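The values are calculated or read from the model by the stated rules, or taken from the named source; none is laboratory data. Because the structure is a prediction, the values reported are computed rather than measured. Counting neighbours? That spans all protein chains shown, and the Cβs are built from the backbone with ideal geometry, glycine included.
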Amino acid sequence: MKKTTIIISFFLSMILLLSCACPRPKPMTNMPPEHPMPKASKTVSPLPEIVTMDEMTMIGKERDFTQENMMEIPMMWMDFMGQEDQIQNIASNTEAWGASYNMDYSGPSISFTYFVGAEVTSTDFVPEGMIVHVAPASKYAKFTHYGPLEDLPTTYDYIYNQWLPQSGYNAGSGNELELYNQDFNPSGMNSKMYIFIPIQ
């Protein structure tokens, strides 16, 4: 995403949140659904699209976080957006990706690794201060989040605490992905962003 207005509004909204990519509650073991699926809020598509994606190669920035320092994630996005023009061979100039992985629930505080970046068609050149990250191939439940970012907690609560336990799926071990494209306007009621939950 290289439109200045999108970048500015993105960070103004992100500062109001812990993060759009904070680690989710560890899901319980799932059983096949025996009851009708719960009613979703207006912020999220009630039933996801089940998609299978090949591995995706991205260039961007990576950092480890805990619950205590997640407020610094918006600054990580700002840092990346300021250097995005240095990335060569970007697959789409209208897309940016977030990825969460290495989730660790064993300690007193959840820890995880967060990556922000862009998909690329070649890694021949990696700008200084950036890395290559490969999101593994996976089956995903793809949800659409509708409206402003401040409603994301409601969306994630539905996904992990309502849909997943009754879906018949288990949470997968791959990356949790976020896609921000031309449908994204963080403060707009008609905004859309896409959340990919790995499942098995």
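Name the residue that is modelled with the highest pLDDT, counting only residues in region 137-171 that are under 18 Å from Y114 (Cβ atoms) and of a type in the set (G, A, S).
For region 137-171, the residue satisfying everything is S138.
Could you tell me how many of the residues in region 88-108 are surrounded by 19 or more Cβ atoms within 10 Å (Cβ to Cβ), out of contact with any Leu (no Cβ under 7 Å at 6 or more places or on another chain), hydrophobic (A, V, I, L, M, F, W, C) and touching a residue at least 40 places away in the same chain (Cβ under 8 Å)?
Residues meeting the conditions: 1.
Just to confirm my filter: which strands (runs of 3 or more DSSP E) fall fully inside region 88-200 and include at least 3 residues that are farther than 24 Å from K61 by Cβ?
Ranges flagged: 138-146.
Only one residue in I59, I87, I50 is under 17 Å from L164 (Cβ atoms), modelled with pLDDT of 95 or more and not hydroxyl-bearing (S, T, Y), so which one is that?
I50
Restricting attention to region 175-196, which residues are modelled with pLDDT of 90 or more, of a type outside the set (D, E, K, R) and crowded, with 16+ Cβ neighbours inside 10 Å?
N175, L177, L179, Y180, F184, S191, M193, Y194, I195, F196
With the structure loaded, tell me whether S100 is small (G, A, S), at pLDDT 95 or above and under 15 Å from the mean Cα position of the chain (by Cα) or whether it fails that test.
Spelling it out, S100 is indeed small (G, A, S), at pLDDT 95 or above and under 15 Å from the mean Cα position of the chain (by Cα).
Just the residues that are in contact with a Leu (Cβ under 9 Å, 6 or more places away or on another chain) and within 21 Å of M53 (Cα to Cα), please, taken from region 144-162.
Listed by number, the list holds a single entry, H145.
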